[in-house]
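I have placed the structure first, in the form of structure tokens, so that the comments after it can refer back to it.
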């Protein structure tokens, strides 16, 4: 396809996240497309939109609007020179597509474009103001940066077929680990760095409060803050005033006022820990920049930032959702949904944890830096943008203009059944969602024209939909396309759940589109030859969608609308069969990695010592003890890890491609692992597994080709106790003994000799 012509619309001056997104995205997309940029920003400064003070309730008069359509920029001589700014580019530059970086301040302009238009929308709360949202629905397609925002947007009523996930990115040439970079405030000190404007959403006050109460004055720690907000409505003019007002003056707090970008970058690279604990983020550029620098980063476990941060960094758990005041977006007066309240006690614990075991967290952060910079470089994001644009231009969704018949009824099964009525006539419709097997009414509601209703139940039910007492639709997948999305990045989860997509396809004689974070595991395997794979966030024209994952509500296993059974009380694979409506049976279609030449001549045993949580870990000294016992038998010992793992006399193989890892496992005399992904990988290869795991019951993981080793004379199986809710964001989670000498006793009490005695029965 030839280079597309793109007319881009968005702010292109200033240093806010919104402006930076505009600048970086279009700068890199310009390598693949012909772009001209229209700038919405007017006025000479942030003090006003024109020479005179403006009415806050009415930003622009009619004259201003006409000027803006023609791209009048009074301070154009002060804009950055990355792109030229065109007074009215569409007159001489006919675009193939318009891409609009949407911001609420600009919603009044979202109706004046020559040609098809895509909205690139970044939002923080669970709902967008309806007036603004109605404008967005007029676009031919919408892009959002995260799956979280996609789900929120669809739940608000946006057409799922018209929404795509195009993430934001990070400048990998600027943000990378660099030990040589220093800053006077960080040299020879343990420093937390907090950056972002002081406002309620960013939780700046609460983060500072947490730091002050968490560390004693004699602790050698400092908090560097760059949190000025001259536009705050609290009546306070400076960070110093705010600290004094809230009683937070402390000599360990170092204030920077609007540091130059170069200094900000130096601080990200040289500080000990970056802290961001916002109540909501549409993306969070500073967080991804800190992670790209290899800096251990603490963040709130919520909203758009999870697109890149989930499974990385140091998440702070969320205590609950809370309504957002409409005044937060002061040019609207609509319901804007909820934010997420972080548990600031947990934030304090996370600050202490990274301070007390810094080398461990720094090692993790450096590994994660490589992942972030590979997956979210602006070069890669521009490629995703180009692919999405080309797909859009091929489909030409703007040509087939929808014309609705009066009282047209639309039924879909995109994340549960949904009925929408379109038309002008005033008429009422009594809609019932019924379980065909039990004849039980799951939900019923009366709606009228231009309204919709959906069931809260998202897992498979043999639905019958009645409207005004008559059967209108019965669920039938034969010959249709169903999307199954695996909502987990974890290796073990993915391996355990993927086979059931094949079972679903066989049962319903349908086409299956499978979305996973690890498509490379399955594409090309004969068992999956009839499955279509897409990447997370990509949309697909399908009849129904099912999402498989660990779903919580209010930080508890309460979301029975998505998980019909409490996930920690059932085997891992049953989570998939419950959601897909399949009979549970342990299943895997073998991962067919070729058995190649032996990696070493001597016979060997493989260890998999990495875990995703402290409660799954086995103490380092236990691995050392087991390696000595094995070597005394004349065997070599090899560790397969994601990062360096040193035991004297043991070969450490780390960060190798999967085919190399598989070959080591194929030739091993035995494999000893934990309740983690490498054990599932070994099992899926058809190999025997010795699993050290008192954390979960023997039936929670796979039950074939395995010896599970645990000590039933102590506290065990906390994962499967219905009283406790596992917190994956808390590395030190131990619901009974956390903070005592017995913490993680279920794992630590398993001895090297106990494991060795099981091993020798097989080798």
The residues 168, 632, sorted from fewest to most surrounding Cβ atoms within 10 Å, come out as 632, 168
Heads up, the range 602-664 by the C-alpha gyration tensor (a ≥ b ≥ c square roots of eigenvalues; a/c under 1.5 rounded, else a/b over b/c prolate, else oblate) looks oblate
For 442, 600, 208, ascending order of other Cβ atoms within 10 Å (fewest first) is 600, 442, 208
Once both label points are put 7 Å beyond Cα along the C-beta direction, the residue 362-residue 470 separation in nm becomes 7.3
So, relative contact order of the chain in percent, Cα under 8 Å, 6 or more apart, is 9
Scoring the range 481-580 by relative contact order with C-alpha pairs under 8 Å, at least six apart, yields a percentage of 33
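Tell me, what is the FRET efficiency for residue 257 and residue 217 to the nearest 0.05, using R0 = 35 angstrom and their Cβ-Cβ distance as r?
Details: r = 25 Å, r/R0 = 0.71.
The pair residue 257/residue 217 has a calculated efficiency of 0.90.
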From the Cα centre of the range 699-763 to that of the range 547-593, the distance in Å is 21
Rounded to one decimal in nm, the spacing of the 7 Å Cα→Cβ label points at residue 161 and residue 200 is 4.0
Footprinting proxy, 291, 451, 142: sorted fewest to most Cβ within 10 Å, the residues are 451, 142, 291
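Could you tell me the calculated FRET efficiency between residue 659 and residue 3, based on Cβ-Cβ distance and R0 = 41 angstrom, to the nearest 0.05? Please report the intermediate quantities before stating the final value.
On the way: r = 37 Å, r/R0 = 0.90.
The calculated FRET efficiency here is 0.65.
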Computed from the beta carbon distance with a Förster radius of 56 Å, FRET efficiency for residue 450 and residue 188 to the nearest 0.05 stands at 0.30
Percent relative contact order for the range 408-474, counting Cα pairs under 8 Å at least six residues apart, stands at 34
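When the helix-only estimate is applied to the chain (DSSP H runs of n ≥ 4, each -39,500 (n - 2.57), divided by the residue count), what is the mean residue ellipticity at 222 nm, nearest 500 deg cm²/dmol?
-7500 deg cm²/dmol
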Using the Kirkwood radius over Cα pairs of the range 604-759, the Stokes-Einstein translational diffusion coefficient at 20 °C and 1.002 mPa s, in µm²/s and rounded to a whole number, is 135
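Which order, highest average first, do 181-192, 724-735 follow once you tally other Cβ atoms within 10 Å for each residue and take the mean per peptide?
On the way: 181-192: 15.7, 724-735: 18.8.
Per-residue mean Cβ counts within 10 Å order the peptides as 724-735, 181-192.
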A convex hull over the alpha carbons of the chain yields, per residue, a volume in Å³ of 184
Residue span residue 375 to residue 94: 0.36 nm per residue of separation minus Cα-Cα distance leaves a gain in nm of 97.8 nm
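Report the gain in length on full extension from residue 651 to residue 178: 0.36 nm times residue separation, minus Cα-Cα distance, nm rounded to one decimal.
Contour length minus Cα-Cα distance gives 167.4 nm.
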What the Cα atoms of the range 189-311 span along the principal axes, largest first and in whole Å, is 36, 35, 28
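Bear in mind these aren't lab numbers, they're just calculated from the coordinates by the rules spelled out. Quantities reported herein were computed from a predicted structural model and do not represent experimental measurements. Because the Cβ atoms are built from the backbone with ideal geometry, glycine has one as well, and the counts that use them run over all protein chains shown.
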